[in-house]
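Input: a single structure, listed below in structure tokens.
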Amino acid sequence: MEASTVLRLKGLTKRFGPILANDDITIELQKGEVLALLGENGAGKTTLMNMLFGHYLPDSGNIEIKRTDDNLVPLELGDPSAALAAGIGMVHQHFTLAENITAFENITLGAESLFSLRRNQKKAQTKIKSIMSHSGLDAPLDIPVGKLSVGERQRVEILKALYRDAHILVLDEPTAVLTPQEADSLFSNLRRMTNQGLSVIFITHKMREVLSFSDRLVVLRDGKNVGSMKTSDASEKKIARLMVGSETQKVSSKRIKPGGPILSLNEISVAGQSKRDSLHEVNLILNSNEILGIAGISGNGQNVLADLISGLVAPDRGSIVLKGVAIENISPFNMIKSGFGRIPEDRHRQGIVGGLSVSENMIIERLDDPQIQNFGFLRSSVINKNAKTLSEKYDVRGPGIDQASRLLSGGNIQKLILARVFEKQPEIILANQPTRGLDMGAASEVQKHLIEARDRGGGVILISEDLDEILGLADRIVVMRDGKLHDAISNSREDIGLMMAGDST
Amino acid sequence: MIDILNILLTDSFWAASLRIATPLIFGVLGALICERSGTLNLGIEGIFVVGAMCGWMATWLGAGLWGGIIVAFICGAFFGLIHAVLTVPLGLSQHVSGLGITLFATSVSYFTYRTALPDVASPPRIEPFQPLDIPVLSDLPFVGLVLFQQTALTWLALLMVVLVWYVLNRTNLGLAIKAVGDNPNSVDAQGLSVYAIRMWAIVIGSALMALGGAFLTMSAFDAFFFGMVNGRGWVCIALVIFASWRPGKALIGALLFGAFDALQVRLQTEMGAFVPGQVFLMAPYVLSIVALVIAARSADYPRALLTPWFKGQR
């Protein structure tokens with residue numbers, strides 16, 4: 001196919017207060033190509049796409065888009081309906097679907113006048129059916145979206161864009177919620193569509209996807225376009241250097257010999273309200289000097305397992321045995337007392353108390369410690385000194401230790417939690433999605449701490465959706481699906497992916 | 001037991017149930033539209049008072065009955081607009097704003113009434129809506145007797161149930177209202193205005209609430225009294241949950257409440273000798289709480305209810 005430019009972003013700049021989110025970014029998109037947009041968190045990828053889609057108004061710069069034949073015409077900025085009309089479709093990371101209406105209704109919503117007395121369903125149905133058969137995207141149309149799987153919802157999102165005659169599709173972190181196999185099928189469908197003339201921009205920080213599915217890539221750092229190249233000329237090293245500005249060492253753990261079992265869950269069952277929060281006869285053994293990786297698609301019971309190990313949920317059946325002794329009275333307090341450290345998934349809501357200061361959050365799990373309080377009165381000098389030492393040791397940066405902890409960035413909140421957990425040298429560490437949403441630097445910091453804890457003799461349970469992280473760190477891998485744990489049959493990405501999806505035989 | 005059966009078999013009981021239910025039908029439909037779009041409207045109690053006062057006063061001043069209804073509709077819409085501005089683009093607490101509207105609307109109504117009529121001991125009366133005689137329907141055996149006693153406003157309320165159901169389930173507008181109450185981003189991403197849809201839903205919903213108030217002074221009675229709304233607005237807020245935000249169930253809920261209320265009046269005369277009257281007065285409210293407890297446990301709240309949405313923040 002002859003290359004022709006369908007979209008040109010010229011000199012886009014956007015400031016949020018003192019922060020320069022996008023600095024003079026220029027990007028061109030060719031017809032029928034897959035362009036990967038890479039960058040760390042906070043590099044400005046999402047800001048850029050939100051300007052393209054009209055959610056934000058750029059401070060300067062303009063956007064040109066191909067409408068008819070070969071003419072690039074300027075796009076009206078700051079108006080989502082103009083972007084829609086010009087044929088830009090955006091698939092957000094958080095789906096923009098109403099769950100109480102059907103996929104069909106979501107797709108056609110807003111395509112017709114709100115004030116027509118009847119809905120013209122037949123024509124819409126025919127059009128959607130033809131888009132589905134051309135693109136290979138398939139989803140049930142007539143049941144409420146709330147009942148669809150994540151993969152199906154994503155396909156509905158894409159169908160929604162195509163229904164509005166999008167010829168440029170923007171996907172924000174499309175594979176974050178998919179199994180490797182689902183991701184593969186998404187990309188093969190996208191390829192089929194680009195062959196029919198669609199152009200795709202996808203935002204990601206997963207190197208593997210960029211290298212295997214994109215035609216060209218653009219790297220953003222600190223709001224600037226720091227490099228674009230053909231994917232065939234790129235390598236993982238080259239991209240990483242562009243993304244962080246220097247070459248970083250990928251954290252990988254040297255395997256060491258695990259010790260004896262320190263924690264075992266025996267035949268644990270929890271009857272939750274739905275599939276997402278139930279466990280069925282789960283058996284798990286954690287050894288000292290071991291990182292146990294729990295892989296799985298989110299919503300398969302990982303959170304209830306994490307809650308169980310944190311003492312937030314008591315099992316209906318089964319026992320938790322710590323170094324040969326069954327734990328009675330399962331409660332968060334008892335679990336912390338017995339030597340558990342927890343790094344929760346939702347660090348903002350479960351990891352810290354946002355309104356309390358950084359120094360208060362650092363001692364929040366040891367309020368019964370006489371060093372911290374005398375007859376219920378907090379010893380603020382000790383607490384502040386503790387916070388100062390830990391902030392330095394764990395590199396927690398923010399407006400100050402006496403300021404509310406919610407003012408910290410996500411990475412620094414995670415470091416605060418690490419400081420609190422690791423300082424107690426817990427024997428068992430539960431890390432639930434510890435690096436999600438962190439940039440590369442902060443993520444590798446977290447991973448280093450987990451490895452240190454293991455080398456010190458601790459046992460680490462690592463729950464993660466990021467298969468690469470599990471493959472890189474874990475000494476042993478189990479897969480969680482439908483509230484059950486299965487030992488991984490091998491450490492290959494394909495096998496584990498299949499087990500996550502439920503195709504294991 | 002026989003007494004209750006006897007009561008249930010009289011046409012006057014059913015006619016009274018429907019009459020008592022009428023303002024609630026308007027109120028529940030109004031609250032339902034607001035909540036389906038994602039906004040709780042606790043201004044309902046005050047908007048009832050506004051509707052009752054404005055509709056009656058306009059008629060008394062010579063606007064005619066339907067003129068009064070139009071005035072009530074517009075005044076309700078106006079107070080709805082205040083709530084809409086405060087809660088949608090400004091995103092303030094829906095509870096605080098709603099309660100504020102109720103206090104404000106009630107006081108303004110009383111103030112206006114007192115200013116216009118400083119010296120009257122008994123409120124002036126208007127000629128209210130009369131029962132409507134519809135040729136074929138009124139001739140039906142039992143149903144005819146029940147329906148024959150209703151005024152045009154009751155018919156309007158029943159028509160509104162059908163209309164609201166149709167709009168919510170058969171039109172693009174209804175789709176947008178349901179979607180904006182579940183996930184406003186879904187509407188925004190399709191290029192529709194979240195603010196416009198939510199604000200219009202609140203304005204129209206509030207206007208319907210005011211019609212419920214107007215029914216009290218223009219059909220059920222013929223004058224305006226202080227305290228005449230008497231918690232009907234709050235009952236509607238409970239009935240919306242009972243109805244799971246569905247117009248058809250809203251009608252059933254309102255009728256049930258009407259029936260309880262009609263029944264208690266009749267039981268008072270039958271059994272007033274042994275049981276204090278207050279027990280009967282209490283009964284409909286107690287029963288609506290019980291019904292609510294049963295229904296609300298499985299209630300499927302609009303997911304974005306009470307959550308303000310701001311453009312550009314996601």
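The values are calculated or read from the model by the stated rules, or taken from the named source; none is laboratory data. Just so it is clear, the model here is predicted, and its values are computed rather than measured. Glycine gets a Cβ as well: all are built from the backbone with ideal geometry, and neighbour counts include every protein chain shown. Surface accessibility is based on the protein's heavy atoms, side chains included, excluding ligands, DNA and RNA. Shrake-Rupley method; radii C 1.70, N 1.55, O 1.52, S 1.80 Å.
Test residue A:153 against the stated conditions and say whether it is basic (Lys, Arg), within 14 Å of chain B (Cβ to nearest Cβ) and either outside any helix (DSSP H, G or I) or in contact with a His (Cβ under 9 Å, 6 or more places away or on another chain) (or both). No; evaluated as a whole, the condition is false for this residue. When we screen A:397, A:454 for residues that are outside any helix (DSSP H, G or I), of a type in the set (D, E, K, R) and either open to solvent by less than 10 Å² (accessible area, probe 1.4 Å) or at negative phi (or both), the only hit is A:397. Within the set B:294, B:252, the sole residue that is free of Cβ contacts under 8 Å to residues at least 24 places away in the same chain, surrounded by fewer than 17 Cβ atoms within 10 Å (Cβ to Cβ), under 22 Å from residue B:26 (Cβ atoms) and away from chain A (no Cβ under 14 Å) turns out to be B:252.
Is it true that residue A:96 is more than 30 Å from residue B:168 (Cβ to Cβ), within 12 Å of chain B (Cβ to nearest Cβ) and hydroxyl-bearing (Ser, Thr, Tyr)? Break it down into steps so the answer makes sense when it comes.
Values: more than 30 Å from residue B:168 (Cβ to Cβ): no; within 12 Å of chain B (Cβ to nearest Cβ): yes; hydroxyl-bearing (Ser, Thr, Tyr): yes.
So residue A:96 fails the test.
When residues in the stretch A:427-451 are screened for being open to solvent by 10 Å² or more (accessible area, probe 1.4 Å) and part of a loop (DSSP other than H, G, I, E, B), 7 of them pass. Checking each residue in the stretch A:173-189 for being modelled with pLDDT of 90 or more and either assigned by TED's automatic domain parsing to the domain that holds residue A:479 or over 15 Å from residue A:139 (Cα atoms) (or both) picks out A:187, A:188.
Of the residues A:62, A:71, which single one is closer than 30 Å to residue A:207 by Cα, surrounded by fewer than 17 Cβ atoms within 10 Å (Cβ to Cβ) and assigned by TED's automatic domain parsing to the domain that holds residue A:165? Lay out the reasoning, then the answer.
Working: A:71 fails: closer than 30 Å to residue A:207 by Cα.
Result of the check over A:62, A:71: A:62.
Reported count of residues in the stretch A:101-142, each being surrounded by fewer than 21 Cβ atoms within 10 Å (Cβ to Cβ) and within 8 Å of chain B (Cβ to nearest Cβ), is 9. Going by the conditions given, is residue A:31 open to solvent by 50 Å² or more (accessible area, probe 1.4 Å), more than 14 Å from chain B (Cβ to nearest Cβ) and either free of Cβ contacts under 8 Å to residues at least 24 places away in the same chain or farther than 15 Å from residue B:189 by Cβ (or both)? Judged against the criteria, residue A:31 is a match.
Consider residue B:209 carefully, then state whether it is open to solvent by 30 Å² or more (accessible area, probe 1.4 Å), at pLDDT 95 or above, in a helix (DSSP H, G or I) and more than 14 Å from every other protein chain (Cβ to nearest Cβ).
On the way: open to solvent by 30 Å² or more (accessible area, probe 1.4 Å): no; at pLDDT 95 or above: yes; in a helix (DSSP H, G or I): yes; more than 14 Å from every other protein chain (Cβ to nearest Cβ): yes.
In short, no.
Restricted to the stretch B:137-189, and to residues there that are charged (D, E, K, R) and open to solvent by less than 30 Å² (accessible area, probe 1.4 Å), the residue that is nearest to residue A:160 (Cα to Cα) is B:188.
Within the stretch B:172-186, the only residue that satisfies the criterion of being free of Cβ contacts under 8 Å to residues at least 60 places away in the same chain and more than 7 Å from chain A (Cβ to nearest Cβ) is B:174. Whether any residue in the stretch B:303-314 is over 14 Å from the mean Cα position of the chain (by Cα), surrounded by fewer than 23 Cβ atoms within 10 Å (Cβ to Cβ) and either among the polar types (S, T, N, Q) or in a helix (DSSP H, G or I) (or both) is what I want to check. Checking the stretch B:303-314: at least one residue is over 14 Å from the mean Cα position of the chain (by Cα), surrounded by fewer than 23 Cβ atoms within 10 Å (Cβ to Cβ) and either among the polar types (S, T, N, Q) or in a helix (DSSP H, G or I) (or both). No other residue among B:89, B:23 is out of contact with any strand residue (DSSP E or B) (no Cβ under 8 Å at 6 or more places or on another chain), in contact (Cβ under 8 Å) with a residue 40 or more places away in the chain and not in a helix (DSSP H, G or I) apart from B:89. For the stretch A:152-162, state whether one or more residues are small (Gly, Ala, Ser), without any contact (Cβ under 8 Å) to a residue 40 or more places away in the chain and out of contact with any Pro (no Cβ under 6 Å at 6 or more places or on another chain). No, the stretch A:152-162 has no match at all.
For the stretch A:66-93, filtered to residues that are within 25 Å of the chain's Cα centre (by Cα) and within 9 Å of another protein chain (Cβ to nearest Cβ), the residue that is farthest from residue A:120 (Cα to Cα) is A:92. Here the stretch B:104-136 is the region considered, the condition is being open to solvent by 50 Å² or more (accessible area, probe 1.4 Å) and in contact with an Asp or Glu (Cβ under 9 Å, 6 or more places away or on another chain), and the residue that is nearest to residue B:66 (Cα to Cα) is B:127.
Output the residues belonging to the stretch A:163-196 that are part of a helix (DSSP H, G or I) and within 14 Å of chain B (Cβ to nearest Cβ). Scanning the stretch A:163-196 gives a single hit, A:163.
Scanning the stretch B:153-174 for residues that are of a type in the set (A, V, I, L, M) and farther than 22 Å from residue B:13 by Cβ returns B:156, B:159, B:160, B:162, B:163, B:164, B:167, B:168, B:173.
Would you confirm whether or not the stretch A:130-140 contains a residue that is part of a loop (DSSP other than H, G, I, E, B), among the small types (Gly, Ala, Ser), touching a residue at least 40 places away in the same chain (Cβ under 8 Å) and on the phi > 0 side of the Ramachandran plot? Within the stretch A:130-140, one or more residues are part of a loop (DSSP other than H, G, I, E, B), among the small types (Gly, Ala, Ser), touching a residue at least 40 places away in the same chain (Cβ under 8 Å) and on the phi > 0 side of the Ramachandran plot. Counting only residues that are part of a loop (DSSP other than H, G, I, E, B) and open to solvent by 10 Å² or more (accessible area, probe 1.4 Å), which one in the stretch B:212-239 is nearest to residue B:168 (Cα to Cα)? Out of the qualifying residues, it is B:231.
Taking residue A:199 as the residue in question, decide whether it is within 24 Å of residue A:10 (Cα to Cα), over 23 Å from the mean Cα position of the chain (by Cα) and open to solvent by less than 10 Å² (accessible area, probe 1.4 Å). If you could, list the steps in order and put the result at the bottom.
Numbers: within 24 Å of residue A:10 (Cα to Cα): yes; over 23 Å from the mean Cα position of the chain (by Cα): yes; open to solvent by less than 10 Å² (accessible area, probe 1.4 Å): yes.
So residue A:199 passes the test.
Here the condition is being in contact with a Lys or Arg (Cβ under 6 Å, 6 or more places away or on another chain) and open to solvent by less than 10 Å² (accessible area, probe 1.4 Å); of A:83, A:43, A:21, it holds for A:43 alone. Residue count for the stretch A:155-194, restricted to those that are under 22 Å from residue A:102 (Cβ atoms), open to solvent by 30 Å² or more (accessible area, probe 1.4 Å) and touching a strand residue (DSSP E or B) at 6+ places or on another chain (Cβ under 8 Å): 1. Scan the stretch A:276-335 for residues that are free of Cβ contacts under 8 Å to residues at least 12 places away in the same chain, of a type in the set (Gly, Ala, Ser) and touching a strand residue (DSSP E or B) at 6+ places or on another chain (Cβ under 7 Å) and report the count. Number of matching residues: 1. Based on what the data block shows, is residue A:53 within 14 Å of chain B (Cβ to nearest Cβ), within 30 Å of residue A:442 (Cβ to Cβ) and among the hydrophobic types (A, V, I, L, M, F, W, C)? When the stated conditions are applied, residue A:53 passes them. Here residue B:14 does not fit the description of being aromatic (Phe, Trp, Tyr) and either touching a His at 6+ places or on another chain (Cβ under 6 Å) or at pLDDT 95 or above (or both).
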